[in-house]
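The structure appears below as structure tokens.
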Amino acid sequence: MSATPAGTEHPDRVRTIEDDVLKLIDMALAEDKGPGDWTSRWVVPARVRGRARIIAKAEGVLAGLDPAIAVFVRLDPRVRTDTRFADGDVVRPGDVVCEMSGPARAILTGERVALNFLQHLSGVATLTRRFVEAVAGTGVRILDTRKTTPGWRTLEKAAVRAGGGGNHRRGLYDAVLVKDNHIAIAGGVTEAIRRVQESNTRALPVIVEVRNREEVDEALAAGVDRLLLDNMDVEPMRAVVRLARDRKPRITLEASGNVTLERVRAIAGTGVDFISIGALTHSAVALDLSLDMVRP
């Protein structure tokens, strides 16, 4: 899902949201609202209009503005929003991310669900940006993985892009990734690759996970598009990169496993092209944001 420029109101930006994301928004609202938001209904008359602001309480990178806004629009299309920032922008404590106005009940009912989307996705973007900044100048690209929250993959991968990272394969269908368990069942790297090559009528890119020099030798001999260097220490990884570049200068190399902010630059220095990090989506801390109603 692409970020929408700041200042754009809701009708056009909500129409651009993918169907799977709209279904997720509706499920989240149904989960939270159930048969009714009785508090808002009993406290706030239907005719009352309100104005609210989403305010940053910590520094971070925004992501998820469109689904957050869509929450309110799904509840009541009369809600209007004015965004001050766009996905990928850095916000600091006190910044007003956006303002909204319209039926007060809809704003109050949608508050928590909208913030859940915006806080979590901004947390993903913020963590991604930290990794991207940590390898700045090395030419290495930070990637996500499939370790996403079920149902949230479209949104979390968009948040990674907002943070400056890139997306690995979207799912099991758009690339072949031969992992250790595939290799174990096939009886070895060579046999696993042979089976893929016999069946790959879709011309999908082939990535093979390798853990040691012997598996690297087999994968290079069999011919693949990318080697995924799994859970290697820095010096063995550096040696494998040299070996692979000498034998197959154009092969793409990716490091994965046990990647932390403290280690990521050293890993980038081995000469790999990509570093994939599951923590971007499964361990990101939500960015602190709040929604405050403005007194009439």
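Summary of computed values
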quantity	calculated
Residue that is closer than 22 Å to LEU22 by Cβ and at pLDDT 95 or above, where the choices are ALA184, ALA159	ALA159
Residue list for the stretch 135-156, restricted to those being surrounded by 22 or more Cβ atoms within 10 Å (Cβ to Cβ) and assigned to a helix (DSSP H, G or I)	LEU155, GLU156
Any hit, the stretch 125-142, residues being over 23 Å from LEU228 (Cα atoms) and under 9 Å from the mean Cα position of the chain (by Cα)	yes
Residue that is surrounded by the fewest Cβ atoms within 10 Å (Cβ to Cβ), among those in the stretch 246-296 that are among the basic types (Lys, Arg) and in contact with a Leu (Cβ under 8 Å, 6 or more places away or on another chain)	ARG247
Among (1) touching a residue at least 24 places away in the same chain (Cβ under 8 Å); (2) charged (D, E, K, R); (3) surrounded by 15 or more Cβ atoms within 10 Å (Cβ to Cβ) - the single one ASP174 does not satisfy	(3)
The stretch 198-219 residues that are farther than 14 Å from LEU253 by Cα and outside the structural domain of GLY187 (by TED's automatic domain parsing), paired with ones that are at pLDDT below 95 and surrounded by 11 or more Cβ atoms within 10 Å (Cβ to Cβ) (beta carbon under 6 Å, 6 or more apart)	none
Residue that is under 18 Å from ILE142 (Cα atoms) and touching an Asp or Glu at 6+ places or on another chain (Cβ under 7 Å), where the choices are THR190, THR252	THR252
Options ARG51, ARG41: the member that is part of a strand (DSSP E or B), more than 30 Å from LEU143 (Cα to Cα) and out of contact with any His (no Cβ under 6 Å at 6 or more places or on another chain)	ARG51
Cβ-Cβ under 6 Å pairs, at least 6 apart or on other chains, the stretch 101-115 side over 18 Å from LEU22 (Cα atoms), far side hydroxyl-bearing (Ser, Thr, Tyr)	ARG105/SER40; LEU108/SER40
All positions within the stretch 91-120 that are in contact with an Asp or Glu (Cβ under 7 Å, 6 or more places away or on another chain) and either charged (D, E, K, R) or under 15 Å from GLY164 (Cβ atoms) (or both)	ARG92, GLU99, ARG112
Residue list for the stretch 65-124, filter: among the small types (Gly, Ala, Ser) and either under 20 Å from THR39 (Cα atoms) or in a helix (DSSP H, G or I) (or both)	ALA68, ALA70, SER101, GLY102, ALA104, ALA106, GLY110, ALA114, SER122, GLY123
Some residue of the stretch 177-193 being under 21 Å from ALA221 (Cβ atoms), under 20 Å from the mean Cα position of the chain (by Cα) and either aliphatic (A, V, I, L, M) or not in a loop (DSSP other than H, G, I, E, B) (or both)	yes
Qualifying residue in the stretch 201-210 (condition: under 23 Å from ALA266 (Cα atoms), acidic (Asp, Glu) and within 31 Å of the chain's Cα centre (by Cα))	yes
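The values are calculated or read from the model by the stated rules, or taken from the named source; none is laboratory data. Only a predicted model underlies this, so the values are computations on that prediction, with no experimental measurement involved. Note that we place each Cβ from the backbone using ideal geometry, even for glycine, and neighbour counts take in every protein chain shown.
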